[in-house]
Amino acid sequence: MVLRAKEMKDTNHRSSILESKTFILIFEKASTRTKVSFEVGIRHLGGHYVFMTPKESQLGRSEPLKDTARVLSRYADGLIVRTFGQAKLEELSKYSSIPIINALTDEYHPCQVMSDLLTIYERTPDFKDLVIAWVGDGNNMANSWINAAAYFPFQLKMAFPRGYTPGEDLLERALQMGARISVTSDPVEAVRGAHYINTDVWASMGREQEQNTREEVFKGFTLNEKLLTMADKKVKVLHCLPAHRGQEITDQVIEGEWSIVWDQAENRLHMQKAILEWIVAPE
Ligand code: CP
Ligand code: NVA
């Protein structure tokens, strides 16, 4: 799918593969990139979309998810869902008869990591000798990177503060599948020799009330120029955005020569198109 997304990017791909198909976006959390890249991507492929939030739908008035899933399945060809707990997405999936795309849950952000793989692939097509670092929270992005490491041959070096590590089960499963992942609480150790370094906000959506505590806990986890000197000379930095400058990343780094975050954001569009095409016409 990464290769298909790259091809779509290179050819400024348009098609009518989604003609007369409608996707419903259900977003319980804010979004700029994911929402807009899916909406634009659907249009590039000739389809239609409906955007829903709890505020103006019965979701916000406690209509059960299982009822929503069964009704929407009769109107549309797919759901694109951003919500809180993964269990909510799975409940929707259980009761719907149309495909569901995870557009971010508290636990995972798979579409983002798939497009991040495209961003890396464009610069380093061979993942075999690649060292990718994660510096930050053991959040949805970290979890999806762990899942990616189970399928791609790069080495993943992760640094989290103690108590903010991802679930043991997830890590164990990836390691059993052959992932090469190491975990430390020392950011310097994680970035040593890294070709790409990833970070993300310290307090994800839904955890804003922990912001102050987390600013204390995550001291030393800022991607700054000094930390980057420990990495490979040509290191590049990824951030899924939105970024909090001065916290997980400095303004100098995000605006500097290391940063590939704008290509990374652009690639959301190309990857969403590859995902949508695969859903309606799996190879
Ligand atoms: N990276 C990402 O998912 O951004 P949005 O929250 O703006 O969709
Ligand atoms: N970890 C972040 C990602 C935002 C795209 C969050 O869940 O808020």
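For this structure, a couple of remarks:
- Remark: the chain carries 47 Å² of accessible area per residue (probe radius 1.4 Å; ligands, DNA and RNA excluded).
- Rounded to the nearest 20 debye, the dipole size of region 136-255 about its Cα centre is 440 debye, using +1 on the Cβ of Lys and Arg and -1 on the Cβ of Asp and Glu.
- Carbon and sulfur %, accessible surface of region 170-241 computed with the full protein complex present, 1.4 Å: 49
- Amide H contacts under 5 Å for residue 180, placed H, 5+ residues apart: 156
- C-alpha long axis of helix 140-149 to longest principal axis of the chain, angle in °: 80
- Extreme residue, positive dipole direction of region 216-283, given options 271, 261, 282 (C-beta unit charges): 261
- DSSP-loop trypsin sites (Lys or Arg not before Pro) across region 1-110, with at most 14 other Cβ within 10 angstrom: 14, 74
- Karplus-derived 3J(HN,Hα) values for region 77-94, using 6.51 cos²θ - 1.76 cosθ + 1.60 with θ = phi - 60°, are 10, x, 10, 10, 10, 10, 8, 8, x, 4, 4, 5, 5, 6, 5, 4, 5, 4 Hz; glycine and proline are entered as x.
- Sites counted here are chymotrypsin sites (Phe, Trp or Tyr not before Pro) in a DSSP loop (not H, G, I, E or B) having no more than 14 other Cβ atoms within 10 Å; the longest part of the chain that contains none of them is 152-283.
- Rounded FRET efficiency, nearest 0.05, which uses the C-beta distance separating residue 175 from residue 88 and R0 of 35 Å: 0.80
- Helix content alone sets the calculated 222 nm mean residue ellipticity of the chain: runs of n ≥ 4 DSSP H residues at -39500 (n - 2.57) each, divided across all residues, give -11500 deg cm²/dmol.
- Positive minus negative residues near residue 121 (Lys, Arg vs Asp, Glu; Cβ under 15 Å): -1
- Among the trypsin sites (Lys or Arg not before Pro) found in region 179-283, those both in a DSSP coil and sparsely packed, with 12 or fewer other Cβ atoms within 10 Å of their Cβ, are 219, 233, 234.
- Between helix 33-44 and the chain there is an angle of about 50 degrees, using the helix long axis and the longest principal axis of the Cα atoms.
- Dipole in debye (nearest 20) - region 13-97, about Cα centre, beta carbon charges: Lys, Arg +1; Asp, Glu -1: 140
- Relative to the Cα centre, the charge distribution of the chain, modelled as +1 at Lys and Arg Cβ and -1 at Asp and Glu Cβ, gives a dipole magnitude of about 440 debye.
- Spatially proximal lysines relative to residue 88 (Cα-Cα < 29 Å; intrachain offsets below 8 disregarded): 21, 29, 35, 55, 66, 273
- Amide H to amide H distances under 5 Å link residue 21 with 48, where only residues 5 or more positions off or on other chains count and H is placed in the peptide plane.
- Around residue 77: net Lys/Arg minus Asp/Glu count, Cβ-Cβ under 14 Å: 0
- Listed residues 189, 225, 107, most fluctuating in the chain (Gaussian network, C-alpha, under 10 Å): 225
- Computed from the C-beta positions of residue 48 and residue 11 and an R0 of 30 Å, the FRET efficiency is 0.85 to the nearest 0.05.
- Computed from the Cβ-Cβ distance with R0 of 41 Å, the FRET efficiency linking residue 188 to residue 280 stands at 0.35.
- For region 18-85, the residue among 48, 36, 69 whose Cα projects farthest onto the positive side of the dipole built from Cβ charges is 36.
The values are calculated or read from the model by the stated rules, or taken from the named source; none is laboratory data. Nothing here was measured: the structure is a model prediction, and the numbers come from that model. Methodologically, a virtual Cβ is constructed for each residue, glycine included, from the backbone with ideal geometry; neighbour enumeration extends over all protein chains shown. Remember, those area values only see protein heavy atoms, side chains included, never the ligands or the DNA or RNA. Shrake-Rupley method; radii C 1.70, N 1.55, O 1.52, S 1.80 Å.
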